[in-house]
Structures are given as C-alpha cells and as structure tokens.
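> Input: one structure, supplied below.
The values are calculated or read from the model by the stated rules, or taken from the named source; none is laboratory data. Keep in mind that this is a model prediction, so the values were computed, not measured. Note: ideal-geometry Cβ built from the backbone for every residue, glycine included; neighbour counts use all protein chains shown.
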Amino acid sequence: MTNASVPLHIGVIIGTRNRVAALLTCVSSLVSQTRRPDEVIIIDDGAMDDTGIRRLFARHSIRYRYVKKEDHFGLVYSRNMGARLLTSDIALFLDDDVILDRGYIEAILRVYQQDTDGTVGGVGGVLVDRRASYAKRLFLWIFGLYRFHKDGLILPNGFGVLIRDIDQIERVDWLSGCNMSFRRAVVEEFRFDESLRDNGWGDDKDFSYRVARRYTLLATPHARVVHLEDKEGRVTKREFGFIEIYHQYVFFRNHMSKCPGTWLAFWWALTGLLLKNLLTARLNQAGGNLSAMAAIVKETIRKGDGTDVSCNTQAIL
C-alpha cells in the first residue's frame, strides 16, 4: 500500500566501464532534474577518477556512493550489487550514456505516488530518438521484430518492442534497461540473471518480464530519455552479434511457449535480424549472428529441447 501523502525516496544505480564523458553527461542531467534523486550509486568496472562527479553531487546535496569492482565484471553483476546497496524506496537503473529530460524523475515518482494499492512494481519512460523510417519498421514487422502501436510488448517469438511512442500511461510487458525503475521490495525479491553477464544484453528484458508476472509494469510518456548508445567500452561487433542472438534464445527458451508455430516465428525473427545486419553492411556483427545460430542448433540437439505438447498453437497470431 502506498500513502500518496508520504514522499517516496528514489535512488539511481548506474553501472559503468570506461565511458567517463558519457557518464558525466548522464549525471549532469540528474542534477538538473526538477526533482533530484536522493542517492546515486555508481558501480565501476573500469578505472575511473570520480572526483568531479563526487564534487558535483556534493554541491547538490545528493548522497553518493562509488564502488570500484575488482572481480565479477559485467553490467548484470553491477546492477545486483547496486540493488543490495540501495536505501531508497525506488531503484532507478540507468545506462551510463542516457540523458534524462528535466522532469523525468518527477514523472516516474508521480506514477508510484498514484498507485495507492501498491500493485505497480515498476515504471519506465519513453525513448526519444530518431524514429525509424516506415520502410524499416515494415521490414522489422515482416520478420516479427516489431508491432505497430504495441510499444512495450513481448512478442510470442520472445522479441520485445521498445517504448518509443505512447501518449498516455500504459501497462507494458517489460522495461528497457537504459531507464527502468522498480520498488525496493521488487529488487529485493528478484535478481538480475548473472548467467547473462556478457555485456548485460537481455538481462533487462528477462528481469522485468519476470517482475511483470507478479506486479504491474507501467510506462509513462512524461518521463523522456535520450539513449546515446555510446560505443566506447563495448564488446567487439562480432561478440555483440553473438550476444544479441544467443541471449534472445535464452529468453525464448526460459519464458516462451515452444510450440511449432513459435519456434518457426523465433527462427524467422533471427533470419530477419541477420538479414538486417547484412543489408546494412554490419558484416562482423552478422558473422557473430551466424555463430550464435549454429550454437543454438547444437545446444537444442544436445539438450533435446523440443516443443511443448500443450502449447498454445494460436500464440503467434
């Protein structure tokens, strides 16, 4: 139960690695908020000098904790560590390369304050970026990688539609890891899957989808964020190509109904993703895609993963 008259405290958790310039831009947007965070926790996998950031937060009386990890590298471990250190009512997870609109935190907290029965477990904002052309969206739709007017949906093939174009608060199936918030009770109950340690790709969808099975997840159009998608400190393009396919398989294997129709939809989507990378001359990334697809076939045969006898054959419709 949430008492609307009692203000909620919010803490920001940021995992980072060797992207100081992007991180400075991110924290600058935090101190410029109409409602500043009560605490900020930065978990560093690199070798950052945080003196400037520490002074910035001190000037604005924001409680700050910096942790330099010596082992267990990766964004997933950082998010779990940050959640354990959190003292606020709400945990706001941010990528280190996002810029928040000035009213972002205020809009997020407003949703929680209005949730008087305590059923809302998480709230996210909308991504503000250059909208893909209609032709590109049509291409993605053909391969089951996109749905028109269905932001925040998890498709039967396991792929998720990002939250970009909503005009009112809406219930969603998942939240994007670049900007997602949860009640403290939720991050105490759930943990990010540390088997997805490579670059953290897919950990946000896995975590928030599990949360959505027990609590309501909402997205608000009043909390807007720009994701710069800084390439510094990331894995190689070939490694990323492997991760974006293989971690998608892990999500499908763990969460989706595996009838013949959804298996077909899953592989059709992978084909579309590979073709997209080939058509845009991302050859190294496409090479990683092919390696991942081969690994999925081998693992499926080795483990004997088949179809669910009682699956919903209408799931792909």
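> Which one of L85, L75 is buried (at least 17 other Cβ atoms within 10 Å of the Cβ), touching a residue at least 40 places away in the same chain (Cβ under 8 Å) and assigned by TED's automatic domain parsing to the domain that holds S176? Reasoning before the result, please.
Numbers: L85 fails: buried (at least 17 other Cβ atoms within 10 Å of the Cβ).
Exactly one residue qualifies, and that residue is L75.
> Among the listed residues G287, G272, which satisfies the condition of being in contact with a Leu (Cβ under 6 Å, 6 or more places away or on another chain) and either surrounded by fewer than 14 Cβ atoms within 10 Å (Cβ to Cβ) or in a helix (DSSP H, G or I) (or both)? Quick ask: steps written out before the conclusion?
Values: G287 fails: in contact with a Leu (Cβ under 6 Å, 6 or more places away or on another chain).
Step by step, each of G287, G272 is checked, and only G272 is in contact with a Leu (Cβ under 6 Å, 6 or more places away or on another chain) and either surrounded by fewer than 14 Cβ atoms within 10 Å (Cβ to Cβ) or in a helix (DSSP H, G or I) (or both).
> Only one of these conditions is not met by G202: (1) among the small types (G, A, S); (2) in contact (Cβ under 8 Å) with a residue 60 or more places away in the chain; (3) surrounded by 22 or more Cβ atoms within 10 Å (Cβ to Cβ); (4) within 23 Å of K303 (Cα to Cα). Which number is it?
Answer for G202: the failing condition is (2).
> Condition test on L162, is it under 17 Å from the mean Cα position of the chain (by Cα) and within 22 Å of N277 (Cα to Cα)? First the steps, then the outcome.
Details: under 17 Å from the mean Cα position of the chain (by Cα): yes; within 22 Å of N277 (Cα to Cα): yes.
Yes: the conditions hold for L162.
> Identify all residues within the range 256-269 that are out of contact with any helix residue (DSSP H, G or I) (no Cβ under 6 Å at 6 or more places or on another chain) and assigned to a helix (DSSP H, G or I); write none if there are none.
P260, G261, T262, W263, L264, A265, W267, W268, A269
> Considering only the range 47-143, give the strands (runs of 3 or more DSSP E) lying wholly within it that have at least 1 residues that are touching a His at 6+ places or on another chain (Cβ under 8 Å) and closer than 23 Å to L24 by Cα. Outline the logic, then answer.
Details: elements: 63-68, 90-94, 98-100, 120-127.
Counting at least 1 such residues, we get 90-94, 98-100, 120-127.
> Then there is this: Taking the stated definitions as given, is R213 without any contact (Cβ under 8 Å) to a residue 12 or more places away in the chain and either in the same structural domain as A107 (by TED's automatic domain parsing) or under 30 Å from D101 (Cβ atoms) (or both)? Give the steps one after another, and end with the answer.
Working: without any contact (Cβ under 8 Å) to a residue 12 or more places away in the chain: yes; either in the same structural domain as A107 (by TED's automatic domain parsing) or under 30 Å from D101 (Cβ atoms) (or both): yes.
Yes; evaluated as a whole, the condition is true for this residue.
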